[in-house]
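Asker: I have a structure here, written as structure tokens, and I will follow up with some questions on it.
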Amino acid sequence: MSQTQPAPPLEIARTTELGLQRHFIDGTFRESVAGGTFESLDPATNAVLVQAADGQAADVDLAVAAARRAFDEGPWPHMKADERAAVLRRIANGIRDRAAEFIEREVRDIGMPVKQMKGLAARAAKNFDYYADVFPELTGKSFQVGDEFVNYTIRKPVGVAGMIMPWNAPLMLSTWRIAPALAAGNTIVLKPAEWSPLTATLLAEVLHDAGVPEGVFNVVHGYGETAGAPLSKHPGVNLICFTGETTTGSTIIAAGAPTLKRSSVELGGKSPVVVFADADPEQAVDAALAQIFTLNGQRCTAGSRLLVQRPIYEQIVTAIAERAKNIRVGDPFDEATELGPLIRPEHHGRVLEYIQSARDEGARVLAGGEVPEGMDEGNWLQATVIADVTERSKVFQEEIFGPVLVAMPFDDEDEAVHLANATEYGLAAYVWTNDIQRAHRVAHRIDTGMCWINSQNVRDLRTPFGGVKASGIGREGGDYAFDFYCETEIVHVALGSHHIPKLGLGDQD
Ligand code: NAD
């Protein structure tokens, strides 16, 4: 009997020479009009990793003009859905074929542990496969009005999408938007975060090789204020897709308001993990650890606030702290590494200040809280667990965006819900209990876009993704993405004669 051999493990190492990361506009790689560049750092050493073209308004103008032309005059919006789907499938295959390059670049760029990056790269490819499958299945609705009318809806692409992306998981987060936007027939100008330029340039190459026509996908590198801002207010852009901090999101929505841009914004989070006394403690502990310490703690849906019912509070926080002390901090290229470096020295400094503020307020640092010994070069931090914070403390209220879990006890269901809802954010929530009615009740009472019951953050691509309150506006994922990336037009058709008011007949009326 023949057996399929499992694929050999993908070996990833720092090998590629990284040249200047150029913009990709109208099918070609280009330097900035003004010729400027900026440096991006290696988070493991803070040495300069790469230079990127420093995009300005003039580069954004060129990219938007190319995207506009491709939308208004090019074939992409008018292709049959399954023809576009075939291109999306080639993109997915292109990402898989070049997975080692994508993984190497992103591990170097943002310090993501290589083992986790392999999963994220696979997911990036899946984003294209998924939307290649679902878009051709998208149907409109029809409304029969007796024998007089039939009305039906059609979906049309909206136009040029400006995508402004963060640095914490650039490949996965950008492909998650690019795939449905392209499937629906839009054209794109992507501005990656200035701290993570590497995978966007490679993605441009893969999309081009997969047959995406010139001008349909463009990349402009650069800073938020000088490249992101001109994109967010550009009159040639119809849609703004933004993932990043809440304050930036509101600036970007305001910038798009004069030209009435439709926007979908995925913002910050401070998601609660609520553990009731009847929960399975082992699963709750495993999930709480994974939920805060994967992706270097720089994760929008991180379960960063642990709320535990008082009878098991000490047991749970101690178990989590003991495991956190064993989390392997180190070279992100090492398969055994669980926690890589934080993105930049200034971000690292901010996270350390948060830990100090908790100490100053008398909270107990049960694990971590320090730069690991001998790791002063680069932005390293131990996995940190802080118990006995208060509802008012900064570390309870504000998004730290690092490997820092804060914990406090609660007495009953009402208090658990109150504490879960006691921040400005509402992205994700995690509820642990074996009381089925309470599980659903609490899930419904928490102000959140997404809630997991007795589960870590496992996503199905068909489900909606997004937050409430300061965590965002809009839902993407599954068919929900098409409510954003498509216009819905209603066509009203009279099937015969029907009453039409007769105006202007004067006395003949
Ligand atoms: P950020 O807001 O600092 O930057 C995001 C992007 O916006 C970057 O490309 C940046 O250059 C650009 N930008 C900055 N100022 C701008 C301006 N004035 N005009 C236009 N563009 C501008 O966010 P970040 O630090 O890169 O990312 C971390 C944040 O992202 C965290 O708050 C995290 O929770 C959030 N995030 C949310 C989700 C989600 O799905 N809800 C996912 C990932 C990250």
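The values are calculated or read from the model by the stated rules, or taken from the named source; none is laboratory data. Predicted, not measured: the structure shown is a model, and the values here were computed from it. Methodologically, a virtual Cβ is constructed for each residue, glycine included, from the backbone with ideal geometry; neighbour enumeration extends over all protein chains shown.
Asker: Looking at segment 54-136, what helices (runs of 4 or more DSSP H) fall wholly within it and have at least 1 residues that are within 17 Å of LEU173 (Cα to Cα), acidic (Asp, Glu) and within 22 Å of the chain's Cα centre (by Cα)?
Answerer: Once the helices (runs of 4 or more DSSP H) in segment 54-136 are filtered for at least 1 residues that are within 17 Å of LEU173 (Cα to Cα), acidic (Asp, Glu) and within 22 Å of the chain's Cα centre (by Cα), what remains is 99-110, 114-134.
Asker: Only one of GLU413, GLU424 is surrounded by fewer than 20 Cβ atoms within 10 Å (Cβ to Cβ), closer than 17 Å to SER471 by Cα, at pLDDT 95 or above and not aromatic (Phe, Trp, Tyr). Can you tell me which?
Answerer: GLU424
Residues checked against (1) assigned by TED's automatic domain parsing to the domain that holds VAL134; (2) out of contact with any helix residue (DSSP H, G or I) (no Cβ under 9 Å at 6 or more places or on another chain); (3) farther than 18 Å from ASP280 by Cα:
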position	(1), (2), (3)
VAL389	no, no, yes
VAL395	no, no, yes
PRO403	no, no, yes
TRP432	no, no, no
PRO464	no, no, yes
PHE484	yes, no, yes
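Asker: Being within 16 Å of the chain's Cα centre (by Cα) and among the β-branched types (Val, Ile, Thr): is that true of THR199 here?
Answerer: Criteria met by THR199.
Asker: If GLY27 satisfies every condition in (1) in contact with a Pro (Cβ under 9 Å, 6 or more places away or on another chain); (2) within 26 Å of ALA161 (Cβ to Cβ); (3) buried (at least 18 other Cβ atoms within 10 Å of the Cβ) but one, which is the exception?
Answerer: Just one mismatch for GLY27, condition (3).
Asker: Sticking with this structure for a sec: Taking the options ALA63, ALA70, ALA57, ALA7, name whichever one is under 30 Å from ASP334 (Cα atoms) and among the hydrophobic types (A, V, I, L, M, F, W, C).
Answerer: Result of the check over ALA63, ALA70, ALA57, ALA7: ALA7.
Asker: Pairs, please: C-beta under 6 Å, at least 6 apart or cross-chain, first residue among the charged types (D, E, K, R) and in segment 399-426, second surrounded by fewer than 22 Cβ atoms within 10 Å (Cβ to Cβ)?
Answerer: ASP411/ARG310; GLU424/LYS469; GLU424/ALA470
Asker: Checking ALA169 against (1) under 27 Å from GLY402 (Cα atoms); (2) more than 16 Å from the ligand (Cβ to nearest atom), which single condition isn't satisfied?
Answerer: If we test ALA169 against (1) under 27 Å from GLY402 (Cα atoms); (2) more than 16 Å from the ligand (Cβ to nearest atom), just (2) comes out false.
Asker: Counting only residues that are farther than 19 Å from VAL160 by Cα and crowded, with 19+ Cβ neighbours inside 10 Å, how many does segment 197-209 have?
Answerer: Residues that pass the stated criteria total 6.
Asker: With the condition being of a type in the set (Val, Ile, Thr), within 16 Å of the ligand (Cβ to nearest atom) and in contact (Cβ under 8 Å) with a residue 12 or more places away in the chain, I'd like the helices (runs of 4 or more DSSP H) fully within segment 273-360 carrying at least 1 qualifying residues.
Answerer: It comes to 281-293, 345-360.
Asker: Could I ask something else about it? Looking at segment 155-162, is at least one residue more than 15 Å from the ligand (Cβ to nearest atom), surrounded by fewer than 24 Cβ atoms within 10 Å (Cβ to Cβ), more than 29 Å from THR251 (Cβ to Cβ) and assigned by TED's automatic domain parsing to the domain that holds SER250?
Answerer: Yes, the conditions are met somewhere in segment 155-162.
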